[in-house]
Amino acid sequence: MTEMGIARVARAEIADDARIPQGDRQAPDFLLILKRQRWPLILGALLGLLAGGVHHVTSPDRYYAASVVLIDERDSYPGQEFASNFPLLRNETAVLNEMQVLGSLELAKQVTRDLALHEDTGFLNQPVSLARSALTGMTGKVRGLLPVPPQTPTGPAPDEEARIVATAGKLQREIGITRVGRSFSIEISMILNDPGLAAAIANSYAALYLADRQAASRVASQNGAAWLRENIEEVRQSANEAAQRVADFKAENRASDPQGLRELEQRVITLNELHATLLERLEMITIEGSYPISNGRLLSEAVTPRDPALPKAWRLLSAGLVLGLLAGLAIAAWREMRENGVRTGEDVRRLTGLPFLGYLPRFSRRRIQRLRPIVTQQDVRQGLPAISFSRRGSQSAEAGDAAPMRARPRHFSPALYLPSVAPELPYNDTLKGILARLERMSAPGQGCVAAVSSLNTGEGRTTLAANLAQFAALSGLNTLLIDADVPNPALSHALGFDIEAGLGEVLAGKAALEECIETLPVTGLKVLPYLKPRSPTGQVGMMKLASHLQAARKNYDLVVLDSQPLGASTDVTAVLGALDAVVMVADWGRTCRTALEECMANDPDLARKTAGVVLNRAKMGRLGAYGVMLDKVRDRRRAILT
């Protein structure tokens, strides 16, 4: 490439080439993942809050009623004095035992009989929330799909006792028995949609429990008295026998063995004292049995609540928010694991080891269709067509005596003229960097031949080739753009040439290269189009193209080839010897990382000739979520087309 025009473009860019990758800076991975996957988290949180709100609205009101009973730490049972050596163990065990009594089926059956709950349809068929109803319906449908075991013959309707047991089982599952802190108080709670019934059940539980403890105390007193009577008689007999042995010992030994006599007399005294103690204890137990006193008392009675305790809006919304965030986090993790597209310059360098040429921002084609290039009077004097387009699309003749072009496009595609229709677009900054890179790879004093290629179709290869050539032409370089995508000449179709001969005829030897070159208006770019797919244009034709490229190198500062995708053809490899550089286009987020890495690894010659990789259609606003810090010069996202 000559230094005539490229110096104006590349002088500042060569020294500033490190600006092309735009300074990728890696932030902590977890924070970056949360940043780029924020929408699943936000949507999950919103849906969770919505679900919590719907659940709150559709849930019936439920009322909370509770009574508190106090358990006396002093228990009445035989041998209480011996257990007093371990008061803490006994007290903790006593509380747990009483909680088991409160939660027993027998006590639930007594409450069911007293309140006739087995006949209360309001208790048996309580309203449920919409979510519970839907879950029950879904469970029933799933069970309906499963094999049904053989049904046993239906017996007679359950009697009253069976219904009481079934209702007591339901009540046993719903009653709440909790200890109040580390005290000897137990709270009996009930949550129902009927506030009066909830309070009645809690109070009935407390009353029946205290009555049960009183009855248990009476039974314990009776059992203790019977046990004491048996032992008193046994001790009395033992004392009489000991006294008789003392009398016999005195008669036989007289005063010859005083020690043995003292031992026998001491045993008599001990048995008599034990007999007296047992008689005293029997009298006390008899009195307690005559006037039984409960070892517990009611601390607070349940009152009928006025305000519902459930559902709580904050609790349902919090649960919905947490569940929504967890679901969003799972979706975010799934999306992150499926992510296999090239996103940053760091990905390019890590996967291929090639230079990163920059980002080509995504632009709105709908907006850009409204723009038109501006041709100045100086451009007309330099031989460009005498047509001027304003940004509103008006057309006027600024040089009426200018000669019209031999072949003009039948229609205008602004996306292929970005350097002229939108010179302020950040897209053009990357084009400058690419030209600077091509200048460094070309031999001094010679033209540069570069191919623009990609792995797959639809990655923006043709648009980049056209705009790169247009930018070079506007910079004063004698530039030739060749549509070498033989099976699909999209560039020639987009430019709308009405020609009779093109690249196919040049490769077939039916026309000379210079005879088929067309000149675009506005930019003065030379284009070698392709008429339409025809034979022969296979590998042999591309081999012939290499010789034509060598000839074009002498006449042009820059030759740009819009080549076929590497994944669909080996035409680029066929002309690789005639190329100075290959510009690889990767679609931002769509080009597979593995495919790009394998392509460069499997063809070292291609990798050596590749000038670098450019990421096309990049969403500049999302690059920060991938750890990329954009330069202020490139960060002009307020342009009307971005």
Just to confirm a number: summing +1 for Lys and Arg and -1 for Asp and Glu over residues other than Val559 whose beta-carbon lies under 14 angstrom from that of Val559, what do you get? -3
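How high is the FRET efficiency from Lys312 to Ala601, r the C-beta distance, R0 45 Å, rounded to 0.05?
It comes out at approximately 0.15.
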Accessible carbon and sulfur surface of the range 158-314 relative to its total accessible area, %, 1.4 Å: 53
Using a basic spin-label model with each label point 7 Å from the Cα along Cα→Cβ, how many nm lie between Arg143 and Arg338? 3.6
Could you work out the local net charge near Gly44, counting Lys and Arg as +1, Asp and Glu as -1, over the other residues with Cβ closer than 14 Å to its Cβ? +2
Between Asp120 and Leu34, what is the FRET efficiency for a Förster distance of 56 Å, r being their Cβ-Cβ separation, to the nearest 0.05? 0.60
Taking alpha-carbon centroids only, the range 450-523 lies from the range 116-147 a number of Å equal to 72
Between Glu301 and Leu105, how many nm apart are label points set 7 Å from Cα along the C-beta direction? 3.2
Taking amide H positions as placed 1.01 Å from N in the peptide plane, with prolines and chain starts having none, which residues 5 or more places from Val628, or on another chain, fall under 5 Å of its amide H? Arg25
In the range 455-525, the GluC sites (Glu not before Pro) that sit in a DSSP loop and have at most 11 other Cβ atoms within 10 Å of their own Cβ are Glu500
Per residue, what volume in Å³ does the Cα convex hull of the range 419-578 take up? 109
Report the gain in length on full extension from Ala162 to Ile331: 0.36 nm times residue separation, minus Cα-Cα distance, nm rounded to one decimal. 55.9 nm
Both in Å, the radius of gyration and Dmax of the C-alpha trace of the range 179-331 are 31.9, 103
Lys and Arg at +1, Asp and Glu at -1: neighbours of Pro60 with Cβ under 11 Å from its Cβ sum to 0
Leaving ligands and nucleic acids out of the surface, order His56, His118, His275 by accessible area at 1.4 Å, largest first. His56, His275, His118
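The values are calculated or read from the model by the stated rules, or taken from the named source; none is laboratory data. Since this is a predicted model, take the numbers as computed values, not measurements. Don't worry about glycine lacking a Cβ; one is built from the backbone with ideal geometry, like all the others, and counts go over all protein chains shown. The accessibility values were calculated without ligands, DNA or RNA, using every heavy atom of the protein model including side chains. Shrake-Rupley method; radii C 1.70, N 1.55, O 1.52, S 1.80 Å.
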